[in-house]
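Asks: Take this structure first; my questions come after.
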Amino acid sequence: MHGRPVLEREKLLREQDGLEGYSILTIGPGGENRVLFASVMVGHRAAGRIGAGAVLGSKNVAAVSVKGTGRIQPANPSAWMESVRTAHRIVKESPNTPGFTELGTMGGYENSDRIGDLPTKNWQSNSWGKGEAVSAHFFGKNQVSSTGCYKGCPMKCGRKVHVKEGPWKTPEHDGGEYETVGSFTAYVLNEDVDCAVHCGYLCNEMGIDTISAGAAIGFLFECAEKGILQESAVNGLDLSWGNGKVLPLLVEMIAGREGIGDILADGVKRAAQRIGGGAEKFAVHVKGLEGPCHDPRAGKTLAVSYGTANRGMCHIHPLETVAYDCAHLDFGLSSFGLPDPGKFERWDEEGKGDATRILQDGGTLPDILGTCKFYMYVGITPNEYAAMLSALTGWNVTGEELMETAERVTNMQRLFNCREGFGRKHDRLPDRVRSLPAFGQYAESPESAVRNYDLMLDEYYDARGWDRTTGAPLKETLQRLGISE
């Protein structure tokens with residue numbers, strides 16, 4: 001089993017251990033080698049970003065198989081079916097659903113490039129100018145069909161993709177997400193979309209996170225550009241920007257902790273510390289987690305959301321707040337106190353503290369409930385979740401109570417981080433991410449730079465009920481939420 005790619009080991013488990021009909025979680029070589037951004041995989045679906053695969057690998061757990069035979073009986077079956085049908089109807093009737101079904105997350109690639117939401121060349125810029133060409137190739141050559149994570153999904157935003165022929169010929173698989181393609185195109189200036197899709201496939205097979213893998217490689221390219229790598233570390237590799245041919249090799253080196261891949265496997269924060277020579281200045285991360293493919297120079301609530309997110313620089317945990325700034329999407333949270341997004345310009349910085357708080361709490365709610373976060377993009381609000389949860393459990397839960405639960409969870413996570421020594425200084429956004437883009441469409445737009453991050457952070461702490469100096473929740477906040485000290 002050791003060293004085998006994800007799909008092969010899953011196949012062996014089903015055949016040799018009689019696990020047909022089971023749902024199987026596996027790790028790949030990345031998890032076995034304790035790559036700090038190794039994923040847990042279900043086929044080519046990934047629980048990625050924060051290294052759960054490395055945790056399983058450290059415990060010598062290669063796979064977990066599960067099979068259920070019973071059925072869950074709702075406390076109120078008729079109310080349950082009514083609430084589920086209502087939620088399905090909302091999703092089906094949402095004007096945003098067809099876009100997700102037809103195009104998936106890659107449907108936003110061209111627009112992200114246009115509005116300055118696409119980190120480019122290791123965050124040196126927020127736009128590339130090649131979004132239209134990349135999208136045209138992807139949808140014309142790589143996308144096969146849309147698919148759901150589960151049988152009954154009314155949204156089906158997942159992709160089946162492949163590379164039909166050529167040097168990067170790749171079988172059909174679950175992949176081709178915006179973050180994956182962005183990480184292996186704009187992030188490293190690679191125009192070969194087939195290569196990017198192939199790299200996503202390799203990351204899945206190796207069981208490593210696509211975002212952190214692409215970010216680590218972009219960081220490596222800049223180290224090479226600035227001449228701060230030892231010749232022995234490079235070992236003859238062409239690490240020039242845009243060289244797609246080296247990307248799959250580097251993915252495998254990271255997963256196997258081979259050569260320079262051993263340094264990158266620990267993430268950009270630790271890699272910069274080992275490499276030295278000023279590499280820390282362009283190691284883009286918050287709390288050790290590499291930045292994804294959404295840029296706060298497009299919409300400023302994302303700056304504070306990135307900086308204060310409890311697990312680091314993540315766009316989807318708790319929520320992609322740039323959609324609030326740029327698309328004026330309220331995620332169904334306006335009735336829960338979210339300020340009207342129409343009252344702000346996307347580059348406004350003042351007055352967004354409370355909006356960021358509510359967006360974060362709303363985005364934490366699907367994590368608590370174990371539901372898909374994208375349903376918030378197509379009309380599902382805390383009220384629909386409350387109706388389903390009440391009917392299922394017999395509890396009498398309101399949307400307001402769920403939002404307070406999410407706030408309590410956010411504060412509990414924050415208390416954990418405070419206990420481990422995190423504070424205001426760890427809520428900083430990297431200088432590069434706050435700076436005017438070095439090139440591209442917004443290089444001459446000073447308003448796109450994050451100009452007063454401390455002001456936004458102060459407003460956010462006030463909205464949260466956290467101490468401005470330490471960033472820790474205040475006593476009265478914990479008392480209000482029923483959290484004992």
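Asks: Say we look at the stretch 110-140 and pick out the residues that are of a type in the set (D, E) and touching a residue at least 40 places away in the same chain (Cβ under 8 Å); which of these is farthest from H285 (Cα to Cα)?
Replies: Selected residue: D113.
Asks: Looking at A472, A387, A406, which is the one that is in contact with a Cys (Cβ under 7 Å, 6 or more places away or on another chain) and either surrounded by 17 or more Cβ atoms within 10 Å (Cβ to Cβ) or polar (S, T, N, Q) (or both)?
Replies: Residue meeting the stated conditions: A472.
Asks: Please specify each residue of the stretch 316-331 satisfying the condition of being surrounded by fewer than 24 Cβ atoms within 10 Å (Cβ to Cβ) and touching a residue at least 60 places away in the same chain (Cβ under 8 Å).
Replies: Listed by number, the residues that qualify are H317, C326.
Asks: May I ask you to list pairs of residues, at least six apart or on different chains, whose Cβ atoms are under 9 Å apart, with the first in the stretch 349-375 being in the same structural domain as G399 (by TED's automatic domain parsing) and closer than 18 Å to V91 by Cβ and the second being among the acidic types (D, E) and assigned to a helix (DSSP H, G or I)?
Replies: Listed pairs, sorted by first residue: K373/D367; Y375/E384.
Asks: Can you confirm whether Y442 is assigned to a helix (DSSP H, G or I), aromatic (F, W, Y) and either within 25 Å of the chain's Cα centre (by Cα) or crowded, with 17+ Cβ neighbours inside 10 Å (or both)?
Replies: So Y442 fails the test.
Asks: Tell me whether the stretch 405-414 contains one or more residues that are out of contact with any Ser or Thr (no Cβ under 9 Å at 6 or more places or on another chain) and among the charged types (D, E, K, R).
Replies: The answer is yes; a qualifying residue exists.
Conditions tested, residue by residue: (1) polar (S, T, N, Q); (2) touching a Cys at 6+ places or on another chain (Cβ under 9 Å); (3) surrounded by fewer than 24 Cβ atoms within 10 Å (Cβ to Cβ).
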site: L302; (1), (2), (3): no, no, no
site: Y306; (1), (2), (3): no, yes, no
site: F336; (1), (2), (3): no, no, yes
site: P339; (1), (2), (3): no, no, yes
site: F344; (1), (2), (3): no, no, yes
site: E350; (1), (2), (3): no, no, yes
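Asks: Go through (1) closer than 14 Å to N122 by Cβ; (2) touching a Phe, Trp or Tyr at 6+ places or on another chain (Cβ under 9 Å) for K281 and report which single condition fails.
Replies: Unmet condition: (2).
Asks: A further question on this structure: One residue is enough: does the stretch 42-61 have a residue meeting the conditions of a type in the set (K, R), buried (at least 17 other Cβ atoms within 10 Å of the Cβ) and modelled with pLDDT of 95 or more?
Replies: Scanning the stretch 42-61, I find no residue that is of a type in the set (K, R), buried (at least 17 other Cβ atoms within 10 Å of the Cβ) and modelled with pLDDT of 95 or more, so the answer is no.
Asks: Considering only the stretch 411-439, state which residues are more than 30 Å from I483 (Cα to Cα) and in a helix (DSSP H, G or I).
Replies: D431, R432, V433, R434
Asks: Now a separate question. Which condition from (1) in a helix (DSSP H, G or I); (2) among the aromatic types (F, W, Y); (3) surrounded by fewer than 16 Cβ atoms within 10 Å (Cβ to Cβ) is the one that W241 breaks?
Replies: Result: W241 fails condition (1) only.
Asks: Among the candidates E258, E280, E252, which residue alone is of a type in the set (D, E), in a helix (DSSP H, G or I) and under 22 Å from G200 (Cα atoms)?
Replies: Just a single option satisfies the conditions, and that option is E252.
Asks: Among (1) closer than 21 Å to S145 by Cα; (2) in contact (Cβ under 8 Å) with a residue 24 or more places away in the chain; (3) touching a helix residue (DSSP H, G or I) at 6+ places or on another chain (Cβ under 9 Å), where does E172 come up short?
Replies: (3)
Asks: Further question on the same structure: In the stretch 123-238, which helices (runs of 4 or more DSSP H) lie fully inside it and hold 2 or more residues that are at pLDDT 95 or above and out of contact with any strand residue (DSSP E or B) (no Cβ under 8 Å at 6 or more places or on another chain)?
Replies: Because the criterion is at least 2 residues that are at pLDDT 95 or above and out of contact with any strand residue (DSSP E or B) (no Cβ under 8 Å at 6 or more places or on another chain), the helices (runs of 4 or more DSSP H) in the stretch 123-238 that meet it are 131-137, 178-183, 193-206, 210-225.
Asks: Quick check: is even one residue across the stretch 377-385 farther than 30 Å from D117 by Cα, modelled with pLDDT of 95 or more, of a type in the set (A, V, I, L, M) and not assigned by TED's automatic domain parsing to the domain that holds L103?
Replies: Checking the stretch 377-385: not a single residue is farther than 30 Å from D117 by Cα, modelled with pLDDT of 95 or more, of a type in the set (A, V, I, L, M) and not assigned by TED's automatic domain parsing to the domain that holds L103.
Asks: Any idea which residue in the stretch 73-102 is farthest from the chain's Cα centre (by Cα), counting only those that are closer than 12 Å to Y377 by Cα, in a loop (DSSP other than H, G, I, E, B) and in contact (Cβ under 8 Å) with a residue 60 or more places away in the chain?
Replies: This residue is S94.
Asks: I've got another one for you. Counting just the residues of the stretch 64-83 that are exposed (fewer than 10 other Cβ atoms within 10 Å of the Cβ) and of a type outside the set (A, V, I, L, M), which one comes out farthest from M41 (Cα to Cα)?
Replies: My answer is S78.
Asks: Can you tell me which residue within the stretch 327-383, out of those that are among the charged types (D, E, K, R), closer than 27 Å to T477 by Cα and part of a helix (DSSP H, G or I), is nearest to the chain's Cα centre (by Cα)?
Replies: K373
The values are calculated or read from the model by the stated rules, or taken from the named source; none is laboratory data. Values in this document were obtained by computation on a predicted structure and should not be read as measured data. For neighbour counting, all protein chains shown are included, and Cβ atoms are generated from backbone atoms with ideal geometry for every residue, glycine included.
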